[in-house]
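Asker: Starting off with a structure, shown below.
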Amino acid sequence: SAVISQKPSRDICQRGTSLTIQCQVDSQVTMMFWYRQQPGQSLTLIATANQGSEATYESGFVIDKFPISRPNLTFSTLTVSNMSPEDSSIYLCSVGGELEDPYGYTFGSGTRLTVV
Amino acid sequence: QKEVEQDPGPLSVPEGAIVSLNCTYSNSAFQYFMWYRQYSRKGPELLMYTYSSGNKEDGRFTAQVDKSSKYISLFIRDSQPSDSATYLCAMRAGGNNRLAFGKGNQVVVIP
């Protein structure tokens, strides 16, 4: 299975600023996913990023707030823009969901974000 | 109604006990069912998976799916302190790669 390197692992940011989270995969993958994990809540999908196309955002998430880049088949970034304390959460990237391996999802270690 | 319901209450058990976790779901299109284990400050890792209804056993772990009741379970036998983690159920439909997760159960196995 793919190995994902996600960074930063944690950060403390001032409100109103932006943070870009990076995920590097050790193999080429078609789809990458970005999730938010808040305390006591399930992992919530923010968007799906395919290389060469615009990311697809889930209900409640917008591109202006969470712009995503997917420049190639091994890399993606998620930016949390104009942060407020409500954005404090763990953000995770994931790969998988390929047709030939419907269970093969791998997750990064997460970015623990605190907005003050 | 949420797609996947998992009572997020923490669970504390003595070493050697059986741990029983479960999720219910509302989307009848779900076909692929998974359990993830997440240690503190780590990403989720796939623990067990089943397709449609039935049971699957792997060592001390058993996963069950009852599609008629829209109910899935995970059992951990002879629990060990190393099993202390958060367990999340997840599922997806056949033609959709989007995973739906439960809230997770924090399990603590006391030596």
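The values are calculated or read from the model by the stated rules, or taken from the named source; none is laboratory data. Computed from a predicted model, the values in this text were never measured in an experiment. With ideal geometry, Cβ positions are generated from the backbone for all residues, glycine too; neighbour counts draw on all protein chains shown. With ligands, DNA and RNA removed, areas are computed over all heavy atoms of the protein, side chains included. Shrake-Rupley method; radii C 1.70, N 1.55, O 1.52, S 1.80 Å.
Asker: Can you find even one residue in segment A:64-76 that is at negative phi, open to solvent by 40 Å² or more (accessible area, probe 1.4 Å) and within 14 Å of chain B (Cβ to nearest Cβ)?
Answerer: No, every residue in segment A:64-76 fails to be at negative phi, open to solvent by 40 Å² or more (accessible area, probe 1.4 Å) and within 14 Å of chain B (Cβ to nearest Cβ).
Asker: Further question on the same structure: What are the residues in segment B:25-44 that are touching a residue at least 60 places away in the same chain (Cβ under 8 Å), in a loop (DSSP other than H, G, I, E, B) and either within 8 Å of chain A (Cβ to nearest Cβ) or open to solvent by less than 40 Å² (accessible area, probe 1.4 Å) (or both), if any?
Answerer: none
Asker: Further question on the same structure: Does segment B:3-14 contain at least one residue that is more than 13 Å from the chain's Cα centre (by Cα), among the charged types (D, E, K, R) and more than 19 Å from A:PRO102 (Cβ to Cβ)?
Answerer: Among the residues of segment B:3-14, not one is more than 13 Å from the chain's Cα centre (by Cα), among the charged types (D, E, K, R) and more than 19 Å from A:PRO102 (Cβ to Cβ), which makes the answer no.
Asker: Can you pull out the residues in segment B:80-102 that are in a loop (DSSP other than H, G, I, E, B) and crowded, with 21+ Cβ neighbours inside 10 Å?
Answerer: Of everything in segment B:80-102, those that are in a loop (DSSP other than H, G, I, E, B) and crowded, with 21+ Cβ neighbours inside 10 Å turn out to be B:LEU99, B:GLY102.
Asker: Working only within segment B:57-79, note down all residues that are in a strand (DSSP E or B) and open to solvent by less than 70 Å² (accessible area, probe 1.4 Å).
Answerer: Answer for segment B:57-79, where residues must be in a strand (DSSP E or B) and open to solvent by less than 70 Å² (accessible area, probe 1.4 Å): B:PHE61, B:THR62, B:ALA63, B:GLN64, B:VAL65, B:ASP66, B:ILE72, B:SER73, B:LEU74, B:PHE75, B:ILE76.
Asker: Return the residues of segment A:86-109 that are of a type in the set (Ser, Thr, Tyr) and either within 9 Å of chain B (Cβ to nearest Cβ) or free of Cβ contacts under 8 Å to residues at least 12 places away in the same chain (or both); say none if nothing qualifies.
Answerer: Across segment A:86-109, the qualifying residues are A:SER94, A:TYR103, A:TYR105, A:THR106, A:SER109.
Asker: Moving on to the next point. From A:SER27, A:SER42, A:SER84, grab the single residue that is in contact with a strand residue (DSSP E or B) (Cβ under 9 Å, 6 or more places away or on another chain) and either under 21 Å from B:LEU88 (Cα atoms) or buried (at least 21 other Cβ atoms within 10 Å of the Cβ) (or both).
Answerer: Only one candidate passes the filter, namely A:SER42.
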